[in-house]
Each structure stands twice: as structure tokens, then as C-alpha cells.
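Asker: Dumping the structure here so I can ask a few things about it.
The values are calculated or read from the model by the stated rules, or taken from the named source; none is laboratory data. What you are looking at is a predicted structure, and each value in this text was computed from that prediction instead of being measured. Virtual Cβ from ideal backbone geometry, glycine too; neighbours counted across all protein chains shown. Only protein heavy atoms, including side chains, enter the accessible area calculation; ligands, DNA and RNA are left aside. Shrake-Rupley method; radii C 1.70, N 1.55, O 1.52, S 1.80 Å.
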Amino acid sequence: MDEKFDCIIVGAGIAGLAAAMILARNNMKFLLIEKGDFAGSKNVSGGVLWGSDLARLVPEYWKEEDGGWERYINHRRLTFMDRESTFSIDFKSSHFNAPPYSGVVVLRSRFDRWLADKVQEAIDDSDFAMESFIATSIKVDEVLMEDDKATGIRTGEEEFHADSVIIAEGVNNLLTRQAGLQDDYVPADHMLTGIKEVIRLDQKVLEDRFQLNGLSGMSNEFIGYATDGVEGGGFLYTNRDTVSLGLVAGIRDMREKEKSPHDLLNQFKNHPVIQDTIRGGEVVEYSAHVVSSGDKQVMPKALYKDGLLLCGEAANLLMNAGKAIQGMDFAMRSGILGAETIIHAKKKGDFSSQTLQEYRRKLDETYVMKDINQFQDAVHMLHSPEMFRDIPNLVCDFGRKFFTIDSKPTRKSRRLFAESVKKHSSYWDLIKLGFKGGKSL
Amino acid sequence: MKFYVCIKQVPDIDAPIQIKNGNLIQDTDRTVLNAYDASAVEEALVLTEKHGGEVEVVLIGPNQAKETIRKALAMGAHKATHIETREESYDSSVYASILASFFEDKDYDVISCGKQSQDTDAGLTGSMLAEHLDLPYSTNAVALSAQNGQLRVKRQGDAGQELIALPLPCLVSCSNDMNEPRIPSLKGIMQSKRKPMETIALDALEIDESALEAKTAVTGYREKPKREAGQKFEGEPEETARQVARLLDEEANVV
Amino acid sequence: MSTLLTHIAISDGKIKRSSLEVLSHLRRQAEQHGHQVEAVIIDAEASRYTGQVQQYGPSKIYTVENPVFKNHLNAPLLKALEKVIEQADPSLVAFASTESTKDILGALAAREEAAVLSDVSTFELTEEGIRATRPVMAAKILSENEARGDMILVSVRSGSYDLEEQASDAEVIEIDFSVDDQDLRATLEEIISSSGDTIDLSEAETIVAAGRGAKDEKGQQLISELADVLNAGVGASRALTEAGVMDPSLQIGQTGKVVSPQLYIAVGISGAIQHVAGMASSKVIVAINKDPDAPIFDIADYGIVGDLYDVLPPFIDELKKIAS
Ligand SMILES: Cc1cc2nc3c(=O)[nH]c(=O)nc-3n(C[C@H](O)[C@H](O)[C@H](O)COP(=O)(O)OP(=O)(O)OC[C@H]3O[C@@H](n4cnc5c(N)ncnc54)[C@H](O)[C@@H]3O)c2cc1C
Ligand SMILES: Cc1cc2nc3c(=O)[nH]c(=O)nc-3n(C[C@H](O)[C@H](O)[C@H](O)COP(=O)(O)OP(=O)(O)OC[C@H]3O[C@@H](n4cnc5c(N)ncnc54)[C@H](O)[C@@H]3O)c2cc1C
Ligand SMILES: Nc1ncnc2c1ncn2[C@@H]1O[C@H](COP(=O)(O)O)[C@@H](O)[C@H]1O
């Protein structure tokens, strides 16, 4: 019973499950440890899982009768919002209708559990069916280190040893800090609170209201009044017979403006346009979770160490550049790469950082780090007051004037725009912003 | 002492549910070890740790219920029997008949059950099984101890608690007020995979057809008349307290 | 025409109101369907209660009297019921859902090969048996059930039906009954902490229930003061019975008692579903809790957000004024 594992993964979120799947498929002996009652029990996302990596983990997942996902996205909408109006950019295309889908909506408590079952199946088919485990309701208290090399984990009084440890503990990265990879103090500026309600509608009503067809779905991001001037934004995603409606809001900004996430969400829900969208719905779930701002500045100093890798949001791999929150897909890809690196290390018989640095190199080559690097300016811009306050007001103000037909002489839209700009911003600011935006997107 | 603990997999009552066309739909098909059975397992473990012996769990249910058996094994039960059924669930009297036929040729000191299923609150299986096996029994136990070849049961009755001594072999149904079930340790979870689990197909038990015929049926589900939240008073306690007291008198007429 | 039998539960020297509720309901059902209703009293002094039971109109009353019934023990109770059933040959036996009933209902069903539904909130006779409603999933929803067969057993939650008197001069039939040690099978060694003269929660008109928020001595003091003013029974959440602050027989909820008073005052109780399962059918619910988001407020008719130590003194004071 005391034999050593090839790898111990801490956290059965997206990153940990992805890593576990790759390890199981490659006949590695490992332990996946999750503190929740079951995988996904406390995890929160909006959420759309973007990209196509899911098909790498569960080939042809869309053919499963009861897959863990809700709907695929073929309809996207970005909405500017002020107190009474919304102005949206809307795109829908049948181009997105065929699998592999480029984005699926998931409810984490269902999705993670489903993926964990798939991992269990892979374990059962592996050489280590009896020696690899998924253990839930177990909290890892410490990553064991010897001469600055990770050698296993401790939970309560029990210690377990392994050649390598993957920390996939998510945003509250206590173990990451304990292992010395992250500063103890991460400023609150870089943390947001995400809260979300799952609202049930009659399935037929939902499908009609959102013009859904079969399992097609819509994603809608909101900026402006959704967070009432607080840094952040709102979202609405369609599930099978519910919608996920929520927002993310900067923790420090909220504190300064004396707003609570709960009040913000209520206000968002009471917006006339949102009311029309969710009318007749019943709230069946409420959840809250911290999410990182995705600012590269707070990325851990290193993502590896002797015998140790960091995957997913524990490594602050996340991006919120306005058009979507990407955390799950980054977590999935980093979990896959992390596991591949461990497999490679096992072949070499060397788990030192010399071998594990390969993980960082691979990550840098993928869209994950490329996007994070390239879109930093967009991230900063999105988190600037112009973006979550002035622009939505301006756009809606313009929209209101532009679309008003009131038996008075109609004015040129350029004039209307100028007026709106004057009211909510200045041309100079707008030019600066436009310039920044053009550069960053 | 040889304990058999009858355990059941039940839907997680905390998970959101809805009713569609009279059917009960759970948004997640989350299932758990019936909380009362978890207490029964815990107590059997405590007693065998003290007096020596063995704890075996028995579960009737579909293949997915193995997860629940593992949980009991991870807590520390020594072995398990899984009487595997197809998807559908039965009523208490059918479960009791199946269990009775399983126990027919078994040796044991104590059979423990949970006092009720968390989802249906039926509370019947335990005493039915005792009757089938012609065992002395007690239900709603809130504490157990073993002494002089007897099982001493503290039973929560209508008014007070009854201290009852049962000769062995006997049956007892357990309340969750009896203990805090242990959370399996990682070692426990790892060991659970290697513990003996025997799977018996329901057909292999050769039970009388008639015993498998349910005498009761659930014909549908319905929402409870919704209880709307009433008035909420926030403010000066002195004020609000007096106001509500007066409303209870004048508006609700209940004081 | 067949016989519907009601079991009359006795507790602390009194007939449980809930069994008279069941009897009232059965009598109405019998009238509708042309059956007859009979009652059975099993107690050390069973004959003492026949007069009162006659007020509710059964056509026969069976009594089984024996000192062994002074305290609850399942084996003799089962034996007595078996004898009565043999004689009365009922198609339905209805019980009030008490802890004593819960102890024997399954065994009796197995012995009689009867269909059984426990803890129903309503039921009615059908051609083949009964149709009944049961709260399930910690009383979050209702299930509709059918039971069929030559004999059906049912136990009914207290407060499900109104009492309705209709005096009869029911014939009283004493059933000959004796026990020997072999029948007993178990030994009752002690009765611990019988709550004695406190108000029976399942019948109380008013209940003051205390939760973790009222755990300390001062909280307990305020609770009993409030209960005194209202002449209320005191109940508790599991948080308090588990901590040993309150007697376990006072626990209300899924594991504890199901109550349905006219007025339920929940003090320092969060409103976990397992607690709510036992009190949601109270007529008027008052909640006092300092957390405005406590789930108990979702079902309370009157919710007071505030610290119970600040709220209870003026509340009690005002109620005193109203009382006088
Ligand atoms: C409101 C909201 C909306 C979002 N919307 C989206 C979206 O639409 N699309 C998107 O891609 N992303 C979204 N995100 C971000 C996304 O949820 C995260 O980036 C993603 O979950 C990160 O995955 P992970 O595997 O790294 O961490 P997690 O999913 O957080 O998993 C970490 C796991 O580790 C476990 N754990 C932690 N510590 C321990 C320990 N010591 N011992 C044992 N187990 C431990 C946790 O219980 C958890 O299960 C959203 C986030 C929020 C809050
Ligand atoms: C199988 C099972 C069966 C169960 N059966 C039962 C059952 O029969 N009955 C039962 O009650 N529980 C039962 N439980 C337990 C139940 O889930 C809860 O844990 C329990 O009801 C909590 O009790 P509580 O509300 O007193 O405590 P808590 O949940 O801790 O709530 C205390 C409340 O007091 C408030 N408070 C604290 N201080 C003050 C103050 N000064 N002024 C005002 N308010 C204050 C707090 O805001 C909080 O809302 C069961 C659980 C399980 C798993
Ligand atoms: N399918 C089953 N397998 C094993 N034990 C069961 C099963 N169903 C009921 N029981 C036992 O009976 C108790 C509940 O009885 P009941 O409330 O009648 O459903 C449970 O706590 C178990 O101990």
C-alpha cells in the first residue's frame, strides 16, 4: 500500500481531470485528490468551455447519449448596457453547427462529475486499474518537499509519495504559495468575485425565446450597467432548460464603491431587458467563486520546480479580454501538457526541473500563452473605467437617439454620436481608447 | 461480533429537483449513501473495533450503486455484497423480501439498517426484515453498546428514551443522531478497492415472484403548495419585535 | 361492506389527538363508501379510554389491556394487533404516525402480508385499496401513491385532518391477552428522560423552537420565557439536541418530530431542509434570525431580522401586554 505513485494530482477541476485522463490513457500510476464531495461539487464557471480540447480527452464526446455538456454555441452576443437600454453586437452562424464544436456550455457540478467518470473508465482500462485512484472528500494540506523537490503530499496525518505532483488547485492557490511558487500576498486588484444563478425556464419557452435549435446555444456577455460602474461584466449562457446568469466584479473596486455582489446581481436581474429575458424563470441554484483577472503580472514566478508542475488557474492561466472568459480551456490545455510532460519525465526517469521545464516551453508555444501575452493590453483596457462605464453609456445613448423616430426632423447620426461622446467621454479619450483597442485586439 | 449493515444508495436530497409530467427529475443524478445507513456503518465499526469482529455491508441496487458500497468500504467495512438489480427501484416490502432471502443462510450477530431512507422517509424495511427473519429488533436507535452477549439499544421513543436489551442475533435500525459518520481517509479509499465485494444477480437469489411484486406504487409527483415568504422586518429590534407581536394578535389571530 | 380499523394511541395517560383525527377521517370515508369503522385501544388501562373514543363514532371498540403495555415494546404490541386483526378482519388499519407506530408498522405489514404506506399526509379509499399523498425528498415535494390488496396499513401525519365528534354507543370488546417472557424477546431496562409534563409537540397549538443561535444559557432562558407567555411547547433544531442543550425528544425535523401547530416561532434556526421537513406545514411561521439571507425567511410569514437577544425581550414584553 505504501508504494510510490508516478504522479499525484491535487484538485479534480478541469485542469486536474484533463491531466488525469492523459495519465490514465498512458498507463501511469497516479492519484487524483479532490476536496469536494465529488468532482465539481463546488466549482463554478459561467460557463462556456471554448476550443476543441474536450474532443482530445473524450473523442466524439458529442455522440454520448448523456454527455456532461449542455449546449454548443453557434450564437454570440456582446451587449453594452446602460440603466435602461442595451446595444448589442450579435453574430450567429450555422458554421458553428457541426462537431467538433468550438464552444460548449457546461454546468460544472454535472460536467466535472461526468468527466471524472470518464477518467475512472480510463483508469479501469489501464494497467493500474487497482493502483490508480480518484479520491474525493480529501483535502491536501501540504505538498511534501525534500531539498526543494516535491516528493508527495500530506492530508491530515497521512502522507503519500510520488515522483511528481501536479498542483491543479484552482484560483485559491494555497499550495502553490506554500511551495514557494507564488508570493504570499496577491493584491486584491487582481481578484474578482464571480456570482451566478441558474434559472430554470420551461424548455420550450427557453428554445423559443433564444431561437435555439436542438442543442444549439447562445452566449451573451454584457458590459456597463451589468456591474453598475464596477470593474467587470455580466454573462448569460443557455443550458438545456436553464440559463446561467451572472457577473464577475472586481473585489477591490466593489469594496471601494460599497457594492455587494449580491446587490449587483439583483440589480442586473432587474434591468428591463434582462427581465424580459428571464421572465417566468425560477432560480434553482446560486453560487459564487473567486476568479482571477488574468493579469500576467500575478502569474506565478515559475510553473514548475523539481517534481512539481502548476496547471490551470492555480498558475493564473486565465483571460478575460471582453469577448469571453477563458479559464476552463486554458486549464484543460495546461493539464494535458502537464501530464504529457510527466509521461516524458517518467520515460527519462528524471523528474527534475531540467525535464519539467519542457512544460513551460510547450505552454509558451500554444495559444494559451500566446494569447495571454498578446492580449494583455486588451485585458487592461477591459478593466479600465472607460470600458465598463463610459463606453456602454455612450453607445446606449447613441443608440437611443439613433433609433428614435419621433416626428421631429431626423438628425445626422454623426451629430448624435458627437453629442453622446460629449456627454459620456471626450473625443480625445475615445481616440486614445480606440488606438489602444486597435492595438490590443 | 458479526455485523451486517444494509445500506442503500439514495438521491442527494440537497440537489435541485423538478417535476416534469408527474415525473421526478434530478438535475444532476447525484446519489449518496443514505445518511442513516452511514450512521449504522459507523456504529458497527465502533463496536467491532471495541469488541472484535467484522462488518459486512449489503446493498440492493443497480450497477452504479457500487460507488456507494465503496464509500462504506472506505469508511472501514470489511466486505460487501452487492445484490444487483436492473434500473428500477422497489418499495420497502420488496427490498425487505430480497434481504430476507439473502440472510436466510447467513450467520450474524446483528443486522443493522438505517431507520429510514432519506428520500422517501418510509422507515419500514428494518422491522419488515426482522419479522421475515423472526428476529428481536428495535428501531430508531440513538445509541448502541454490546454487553454480556446482548445488544443494548437506546431507542428514541415518543416521549423519552427506552433502554432495551436485545438477545443476539437481532436487528436494529439506526438514527443519525447516534454518531457522526467518519469521513473516509485516503488510505481507506485506496484500500476499499481491494476489499472483497461479491456481486449477486437478483435472479440468482430465487425469490418468490410474488414477493417481488410491489403492493404499493408511486403514481406521480406534485409540487407542494408553495409557501410564499411573508413580510420581513428589518430595523430597530424594539420596534419590529413589538410590531410583529401585535400582528400575530391582530392580523394572524394566533396568540 | 368491510371494516376499517383505527389504532388509538395512548401517551402519558392521554389519547393522542392525532389518532382521533385519523378516526374522524376514517369515519367520513366509511360513510361515503358504506363501510364500518372500528377502533382498537392497546394499553395497560385500555378500558379507561373507551368513553372518549365513543365520541368519535366507531361501531366497535376493541380493548387489549395488560400491564405490559405500560411502556412501549414492539413484540407484545405486535402480538396484540395480530389478535385484534384476526378477530376484526379489517381491510384497512390506520395509525397515527408516532414513534411507537413507526416501530411496528413494517413488521405488522410483513406479518399480515399487507400493503403499507407510512407517514401519509392525506389518503382516501379506492376500489382496490387506498390512494395517498406522502411528502418525500425531505418534504420538498409530494408523491402520489397507491396501495392495493386485501389488507392495507397506513400511518398518518398528525394535523392532517380535523377532529369531528359524532357520538356512538360502540360495543366494547375486550380481547383476551396474555404474555410470557418468550413473547417479549427484548428487555426494557429503563426509560430515560421521559419529558414528563411538558407539552406534546405533535399536538401543540404553539411551538417555540430554538436553534444554534439560542444555544447559551441566556438564549435558553429567553426561549422558555417566550414559551411561557404563549403557553407553547418548546422544540429544537438538531444543532441543540446534538449538543445536548435540549432533550432529544424535542428535535423537530426529518429525523425528529413532524409538527403542524397554529404558530411556529423559529428562533436562531437557519432553516436547513431537514429541519423544515418537520415544520413546514405549520399555519403561521415566525422566524427570528440575524442573518437576512437565512433560508428560514423563505417560508416565514413574519420574519424578524435581528439579534435574538435584542428582539426577544421586547417581543415577550409586547406579548405579555396582549395576553393581559
Ligand atoms: C462566475 C464565473 C464564471 C466563469 N465563466 C467562465 C467561462 O464561461 N468560461 C471559462 O472558460 N472559464 C470561466 N470561468 C473561469 C473558470 O471557472 C476557471 O478558470 C476554471 O475553473 C479553472 O480550472 P482549474 O481546474 O484550474 O480550477 P478549478 O476548476 O477551480 O478546480 C480546482 C479544484 O481543486 C480542488 N482543490 C483546491 N484545493 C484543494 C486541496 N487543497 N486539496 C484537494 N483539492 C483541492 C477544488 O475543490 C477544485 O475542484 C468562470 C469563473 C467564474 C467564477
Ligand atoms: C439525515 C439528516 C437528518 C437531519 N434531521 C434533522 C432534524 O430532524 N432536525 C433538525 O433540526 N436538523 C436535522 N438535520 C440537521 C440540519 O441539516 C441542520 O444542520 C440543523 O437543522 C441546523 O440547526 P440550526 O438551524 O439550529 O443551526 P445553524 O444552521 O447553525 O443555524 C443557526 C442560525 O442561528 C442564527 N443566529 C446565530 N446567532 C443568532 C442571534 N444571536 N440572533 C439571531 N439569530 C442568530 C444564524 O444566523 C443561523 O441562521 C439533519 C441532517 C441530516 C443530514
Ligand atoms: N436497496 C436496499 N439495499 C440495502 N438496504 C436497504 C435497501 N433499501 C432499504 N434498505 C435498508 O432499509 C432502510 C430504509 O428503509 P425504508 O425507509 O423502508 O426505505 C435503509 O436505511 C437500509 O438500511
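Asker: Check the stretch B:131-149 and report whether any residue there is assigned to a helix (DSSP H, G or I) and buried (at least 24 other Cβ atoms within 10 Å of the Cβ). It would help to see each step written out before you state the result.
Answerer: Looking only at the stretch B:131-149, we keep the residues that are assigned to a helix (DSSP H, G or I), and these are B:131-133.
Next, only the ones that are buried (at least 24 other Cβ atoms within 10 Å of the Cβ) stay: none.
Looking through the stretch B:131-149, none of the residues is assigned to a helix (DSSP H, G or I) and buried (at least 24 other Cβ atoms within 10 Å of the Cβ).
Asker: Shifting gears a bit: Suppose we filter the stretch A:88-105 for residues that are open to solvent by less than 60 Å² (accessible area, probe 1.4 Å) and under 25 Å from A:His271 (Cα atoms); how many remain?
Answerer: 2
Asker: Could we say that B:Asp121 is assigned to a loop (DSSP other than H, G, I, E, B), buried (at least 20 other Cβ atoms within 10 Å of the Cβ), at the interface with chain C (Cβ under 7 Å from one of its Cβ atoms) and at pLDDT 95 or above here?
Answerer: yes
Asker: Can you tell me which residue among A:Ala288, A:Ala302 is part of a loop (DSSP other than H, G, I, E, B) and among the hydrophobic types (A, V, I, L, M, F, W, C)?
Answerer: A:Ala302
Asker: Related question: Which condition breaks for A:Asp117 when tested against (1) buried (at least 20 other Cβ atoms within 10 Å of the Cβ); (2) assigned to a helix (DSSP H, G or I); (3) within 11 Å of chain B (Cβ to nearest Cβ); (4) within 23 Å of the chain's Cα centre (by Cα)?
Answerer: Among (1) buried (at least 20 other Cβ atoms within 10 Å of the Cβ); (2) assigned to a helix (DSSP H, G or I); (3) within 11 Å of chain B (Cβ to nearest Cβ); (4) within 23 Å of the chain's Cα centre (by Cα), A:Asp117 violates only (1).
Asker: Out of the residues in the stretch A:20-36 meeting the condition of being more than 10 Å from ligand 1 (Cβ to nearest atom) and of a type in the set (D, E, K, R), tell me which one is surrounded by the fewest Cβ atoms within 10 Å (Cβ to Cβ).
Answerer: For the stretch A:20-36, the residue satisfying everything is A:Arg25.
Asker: Of the residues B:Arg182, B:Arg194, which is under 22 Å from the mean Cα position of the chain (by Cα), surrounded by fewer than 17 Cβ atoms within 10 Å (Cβ to Cβ), in a loop (DSSP other than H, G, I, E, B) and not acidic (Asp, Glu)?
Answerer: On inspection, the qualifying residue turns out to be B:Arg182.
Asker: Which residue is least open to solvent (accessible area, probe 1.4 Å), if the candidates are limited to the stretch A:146-158 and must be away from chain B (no Cβ under 14 Å) and over 17 Å from A:Leu23 (Cβ atoms)?
Answerer: A:Thr151
Asker: How do the strands (runs of 3 or more DSSP E) wholly within the stretch B:1-115 filter down when requiring 2 or more residues that are aliphatic (A, V, I, L, M): which remain? Step through it out loud before you land on a result.
Answerer: Working: elements: B:2-7, B:9-11, B:17-20, B:23-26, B:31-33, B:54-61, B:79-84, B:110-114.
Correct list: B:2-7, B:17-20, B:23-26, B:31-33, B:54-61, B:79-84, B:110-114.
Asker: Shifting gears a bit: Select, from B:Ile111, B:Ile60, B:Ile83, the only residue that is within 10 Å of ligand 3 (Cβ to nearest atom), within 14 Å of chain C (Cβ to nearest Cβ), among the hydrophobic types (A, V, I, L, M, F, W, C) and out of contact with any Gly (no Cβ under 6 Å at 6 or more places or on another chain).
Answerer: B:Ile111
Asker: Is there a residue being surrounded by fewer than 23 Cβ atoms within 10 Å (Cβ to Cβ), facing chain B (nearest Cβ under 9 Å) and either assigned to a strand (DSSP E or B) or not acidic (Asp, Glu) (or both) anywhere in the stretch C:85-97?
Answerer: Checked against the condition, which is being surrounded by fewer than 23 Cβ atoms within 10 Å (Cβ to Cβ), facing chain B (nearest Cβ under 9 Å) and either assigned to a strand (DSSP E or B) or not acidic (Asp, Glu) (or both), the stretch C:85-97 yields no hits at all.
Asker: For the stretch C:102-126, which residues satisfy the criterion of being more than 7 Å from every other protein chain (Cβ to nearest Cβ) and either at pLDDT below 95 or open to solvent by 10 Å² or more (accessible area, probe 1.4 Å) (or both)?
Answerer: Across the stretch C:102-126, the qualifying residues are C:Glu112, C:Glu113, C:Ser121, C:Thr122, C:Glu124, C:Leu125, C:Thr126.
Asker: Turning to a different aspect of this structure: Please count how many residues of the stretch B:1-28 are farther than 25 Å from B:Gly76 by Cβ and basic (Lys, Arg).
Answerer: 1
Asker: Would you mind stating whether C:Gly51 is modelled with pLDDT under 95 and more than 14 Å from chain B (Cβ to nearest Cβ)?
Answerer: no
Asker: Consider the stretch A:306-332. How many of its residues are open to solvent by 20 Å² or more (accessible area, probe 1.4 Å) and touching a Lys or Arg at 6+ places or on another chain (Cβ under 9 Å)?
Answerer: Final tally of qualifying residues: 2.
Asker: Another one. Of everything in the stretch B:124-148 that's at the interface with another protein chain (Cβ under 7 Å from one of its Cβ atoms) and among the small types (Gly, Ala, Ser), which residue is farthest from ligand 3 (Cβ to nearest atom)?
Answerer: Looking at the filtered set, the residue picked out is B:Ser138.
Asker: Name the residues in the stretch C:297-319 that are in contact (Cβ under 8 Å) with a residue 24 or more places away in the chain, part of a helix (DSSP H, G or I) and at the interface with chain B (Cβ under 7 Å from one of its Cβ atoms), would you?
Answerer: The answer is C:Phe297, C:Asp298, C:Phe315, C:Leu319.
Asker: While we're looking at this one, here's another question. Just for strands (runs of 3 or more DSSP E) wholly inside the stretch A:40-98: which have at least 3 residues that are within 17 Å of A:Arg108 (Cβ to Cβ), outside the structural domain of A:Leu318 (by TED's automatic domain parsing) and modelled with pLDDT of 90 or more?
Answerer: Ranges flagged: A:69-81.
Asker: All but one of (1) farther than 29 Å from C:Glu128 by Cα; (2) open to solvent by 40 Å² or more (accessible area, probe 1.4 Å) hold for C:Ile15; which doesn't?
Answerer: The one condition C:Ile15 does not meet is (2).
Asker: Looking only at residues that are within 11 Å of chain B (Cβ to nearest Cβ) and within 19 Å of the chain's Cα centre (by Cα) in the stretch A:35-47, which one is farthest from ligand 2 (Cβ to nearest atom)?
Answerer: Only one residue fits best here, namely A:Gly40.
Asker: In the set C:Ser260, C:Ser237, C:Ser324, which member is open to solvent by 10 Å² or more (accessible area, probe 1.4 Å) and more than 23 Å from the chain's Cα centre (by Cα)? Before the answer, list the steps.
Answerer: Details: C:Ser260 fails: more than 23 Å from the chain's Cα centre (by Cα); C:Ser237 fails: more than 23 Å from the chain's Cα centre (by Cα).
Answer to the selection: C:Ser324.
Asker: Further question: Can you pull out the residues in the stretch A:132-145 that are in contact with a helix residue (DSSP H, G or I) (Cβ under 9 Å, 6 or more places away or on another chain), open to solvent by 20 Å² or more (accessible area, probe 1.4 Å) and within 11 Å of chain B (Cβ to nearest Cβ)?
Answerer: Matches in the stretch A:132-145: A:Ile134, A:Thr136, A:Ser137.
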